[in-house]
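The structure appears below as C-alpha cells.
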C-alpha cells in the first residue's frame, strides 16, 4: 500500500502556528461584563453624603439666586407694555437711569411731563444759593442738612454733581422744600447709579412730589440701594422742626394737611 502524504498549504500552516502561540500564552482572567445596577453597588458613592459641606449650598448663594430671580421678575413686570414702546419716541423728561427700561404705556406709567419746580428767576436762585447752601454741600460732610432751604428741582441737578463720587456723606436731609417728581427722578437716578455710595439715610418728606415720585422712592430706589433708609413721609414729631424753623424765620407755619 502506498501512502500519499498531503502537503498543507501555506495559509493552513500559518493558522496552525498562530493557534500554537495562543495555546502557549499565559491565561488571563476575562473582564466581567457590565451588569445592571453596578453603580448602586459601588464601594463609594458618586455623590457626597447628605448634610456634608460638599452637598450644602451656601446661604449667600441662595440669597444671590433669590435676588437675581426677584430682579428678573421685577423687570418683567416693568416691561409688560409694548416692546420698544411700539417705536414711539420717548417723552423729553425720560431718563435711562429711572425708571429703568420702563414702558411708557404700561400700567402705572404716564405720558405726561413730570411736574417740576424752579426758582422762577436767577435773582431768587442766587438768594437761595447763599451761605447755608454752601455750608450744606461742603466737601467732607457726613451729614448734608438742606431742609427748609427752598430747594427745588433746579437745585437737585447741582446737588447730584456734588453727590457723585462723594464717599463721606452718610445722611442727606432735603425735607421741607419744593422738590417735585422731576427732582425726585433726578436724585433717584443718581443714587441708583452709585452716587453717594455710603449714604444711609435720605429725608425727603414735606416736599411737593406726587404719587409717581413716591413710587420712585418706595419701589424703585430700594431695588438698587437696599441699605438706604428713605424717609419720604413726614413723621409725627416733624412739627417740632417746623416750629423751630418758623421761630427763627419769624413767622408761624401753617398746620399740615390732614392725611
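Against the test of being at pLDDT 60 or above, assigned to a helix (DSSP H, G or I), more than 25 Å from the chain's Cα centre (by Cα) and farther than 30 Å from residue 243 by Cα, the options 71, 86, 75 yield a single qualifying residue, 86.
Which of the residues belonging to segment 230-239 are modelled with pLDDT of 70 or more and either assigned to a loop (DSSP other than H, G, I, E, B) or over 17 Å from residue 170 (Cβ atoms) (or both)?
So in segment 230-239, the residues modelled with pLDDT of 70 or more come out as 230-237.
Hits for segment 230-239 are 232, 233, 234, 235, 236, 237.
The number of residues in segment 198-233 that are exposed (fewer than 15 other Cβ atoms within 10 Å of the Cβ) and more than 20 Å from residue 146 (Cα to Cα) comes to 7.
Among helices (runs of 4 or more DSSP H) lying entirely in segment 111-229, which contain 2 or more residues that are in contact with a strand residue (DSSP E or B) (Cβ under 8 Å, 6 or more places away or on another chain) and modelled with pLDDT under 95?
Correct list: 221-224.
The values are calculated or read from the model by the stated rules, or taken from the named source; none is laboratory data. This is a predicted model, so every value here is computed, not measured. Note: ideal-geometry Cβ built from the backbone for every residue, glycine included; neighbour counts use all protein chains shown.
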